[in-house]
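Here, each number is a calculation from the coordinates, and none is a lab measurement. The structure displayed is predicted, hence computed values, not measured ones. Reconstructed Cβ throughout: ideal geometry from the backbone, glycine too, with neighbour counts over all protein chains shown.
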Amino acid sequence: MIKNYISIKNRLFKEAYTEERRFFDKIVSLWVYSVTRPLSFLLTPFFIILKINANFVTFIGFLFGLFSFSYCFYGSFIEAAIFYNLFLVFDSIDGNIARLTKPTKIGEYYDAVTGDIINFFFIPFIGLGIYLNNVGFILNNEFIINNIFVLSLVVSILQLMFSLNSQRKKNIFKNNNGPVRVGSSEKVSIIEYIIRNSFGFAFNAPVSLLLAFYNALDILIIYNLIIMPFVLIFSIFKK
């Protein structure tokens, strides 16, 4: 079993995690590149040995995302952040399995849909949990306290508009050559890393763990509310 585990793990790096995939992860999310993807490599061989297919792993990951929402609802934000990050780990595992076996369009579709649902609704469920349980506030502002759920919904709508705009650009301009770059240099700059990791799951996943510990998740919502309009405008006018 140990030899089989090591053999599969080696195949993961050679066949499933190509230089192109590594570059994609590094550009899109340093958290994925440094944390959730490496964790997925430790777990993926077990699923392959047990002959668990990628679609079932997608379903398990989706359940973790729903558990995150449930914990948000009851104001247990540390657990919610942990399960959200577990969802991201399993979101990598299903891709690892698919690339080592035989990826399918239906599997790719399920992965995209479940990912969109969890990522788009994570912030609104945090806002709902803060509102219902009156916890997670560090900003002592009456408007924010009374409207935190509405503000979180606005964040989700902005994220959805950003995603739709990106998809429209890919479909219309046939730009399927990887992630949208900031600038034209082949080398990734520190500025690009900062920008790419300042919004979306790349930012929300690690920061939610930190802010949940300090009971300050209202900061996460307000930050997203400020940053997402700029991200959306940039994505619209970026050539």
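Mean residue ellipticity at 222 nm from the helices of the chain, using -39,500 (n - 2.57) per DSSP H segment of n ≥ 4 over the full residue count, to the nearest 500 deg cm²/dmol? Walk me through the numbers on the way to the answer.
Numbers: 10 runs with 180 residues, N = 239.
Helix-only estimate at 222 nm: -25500 deg cm²/dmol.
HN-Hα J couplings of the stretch 45-55 from phi, Karplus 6.51/-1.76/1.60, θ = phi - 60°, integer Hz, Gly and Pro as x?
x, 5, 5, 5, 4, 7, 6, 8, 7, 5, 5
Under 18 Å from a point 7 Å along the Cα-to-Cβ line of Ile52: which residues of the stretch 74-96 have their amide N that close?
Under cut-off, by backbone N: 83-96.
By counting other Cβ atoms within 10 Å of each Cβ, how are Asp91, Asp111 ranked from fewest to most?
On the way: Asp91 25, Asp111 21.
Result, fewest neighbours first: Asp111, Asp91.
Using only the alpha-carbon atoms of the chain as identical scatterers, what base-10 log of I(q)/I(0) does the Debye formula give at q = 0.14, 0.16, 0.17 Å⁻¹?
Here the Debye-derived log intensity ratios amount to -0.96, -1.21, -1.32.
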